[in-house]
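Structure first, then comments.
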Amino acid sequence: IKKHERYSAFCRFCVTAGWMKDNPAKSVSRPTVRTSPTLPLSEKEIGKALEKADDPRWHALIQVLRWSGLRIGDGVKLTPEKLDGNRLFLYTAKTGTPVFVPMPDFVIEELKQLPLYGRFYFWNRQTDSKIETASGNARRSLRRIFRAAGLKTAHPHQLRDSFAVGLLEKGVPIETVSILLGHQDIRITQRHYSPWVRSLQLNLEEAVAKTWEQPRLLRVK
């Protein structure tokens, strides 16, 4: 899709600049991409991972990612300033409104027990490491924990998926979930998480039920 968009944009530019008379991109159909449904980790699987997380820092990071929906790069940059009581600051919306997510008390308590790396819970900047390096190290550490827990194909991003799917299965509107995930367009959320929207499934079930033949009324003499 991205290549098609770049090709179309380039052809439009060429026509506008007078380099070409006709736009050949008009005859090229937009590709259809089928996105596989996002597969979260179950609470049982997350529990197994937590049991294998001997380092309190990685144990806390798993909890933060699970209950906040943060990407691992943003989770690694977490500082105490991002916490307001039991609320975690996610980002500032385009309207200038800050977006917070409430965190379970036990996660906040875990964070309070961690010694800080300067200002950070998970990013050791004493060696002037870049955030990409810190995120990569955290990602590899969590993958080792997942493998030790028997979750050979699990990866940290599935904790973000577990956060989103957990909300949708409880009936939270997908518009709200999209805001919490920080998606620029709700269509991104729909593409990845539509199969998990509880209201959609309920509507489907109700629509099918309405097609059932109604019992005939008996005439009473």
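The values are calculated or read from the model by the stated rules, or taken from the named source; none is laboratory data. Keep in mind the model is a prediction, meaning the values are calculated, not measured. Cβ sites come from the backbone with ideal geometry, for glycine too, and all protein chains shown count toward neighbours. In case anyone asks, the SASA skips ligands and DNA or RNA and just uses the protein heavy atoms, side chains included. Shrake-Rupley method; radii C 1.70, N 1.55, O 1.52, S 1.80 Å.
Structure notes:
- Of all lysines in the structure, the ones whose alpha carbon falls short of 17 Å from that of Lys26, not counting any fewer than 8 places away in one chain, are Lys2, Lys3.
- Working from Cα pairs under 8 Å separated by at least six residues, relative contact order for the chain is 22 percent.
- Out-of-range pairs (alpha-carbon distance over 30 Å; input Lys44/Lys77; Lys94/Lys130; Lys52/Lys130; Lys48/Lys170; Lys48/Lys77; Lys82/Lys152): Lys82/Lys152
- HN-Hα J in Hz across the stretch 73-83 - Karplus 6.51, -1.76, 1.60, θ = phi - 60°, x for Gly and Pro: x, 6, x, 5, 7, 5, 10, x, 5, 7, 9
- For the chain, excluding the exposed loop sites themselves (chymotrypsin sites (Phe, Trp or Tyr not before Pro), DSSP loop, at most 16 other Cβ atoms within 10 Å), the longest remaining stretch covers 20-211.
- Apportionment of accessible area to carbon and sulfur, the stretch 1-154, percent (1.4 Å): 52
- Loop-located trypsin sites (Lys or Arg not before Pro) in the stretch 107-159 (DSSP state other than H, G, I, E, B) with a sparse environment of at most 15 neighbouring Cβ atoms within 10 Å: Arg119, Arg125, Lys130, Lys152.
- With an a/c value of 1.5 or above and a/b not larger than b/c for the gyration tensor axes a ≥ b ≥ c computed over the alpha-carbon atoms, the chain is described as oblate.
- Structure-based [θ]222 nm, the chain - -39500 (n - 2.57) summed over DSSP H runs of at least 4, per residue, nearest 500: -15500 deg cm²/dmol
- Rounded if a/c under 1.5, otherwise prolate or oblate - the stretch 60-137, Cα gyration tensor axes: oblate
- Residue-wise HN-Hα coupling along the stretch 173-187, computed from phi with Karplus coefficients 6.51, -1.76, 1.60 (Hz; x: Gly, Pro): x, 5, 4, 5, 4, 4, 5, 5, 6, x, 6, 6, 9, 4, 5
- What the phi angles of the stretch 107-122 give under the Karplus curve with 6.51, -1.76 and 1.60, with θ = phi - 60°, is a coupling list of 6, 4, 5, 4, 5, 5, 7, 7, x, 8, 8, x, 9, 10, 7, 10 Hz, glycine and proline written as x.
- All lysines inside 16 Å of Lys21 as judged from Cα atoms, apart from same-chain residues fewer than 8 positions distant: none
- Looking at the stretch 130-212, the accessible area is 60 square angstrom per residue; that uses a 1.4 Å probe and ignores ligands, DNA and RNA.
- Under a model in which nothing but the beta-carbon of Lys, Arg (+1) and Asp, Glu (-1) is charged, the chain shows a dipole of about 860 debye around its Cα centre.
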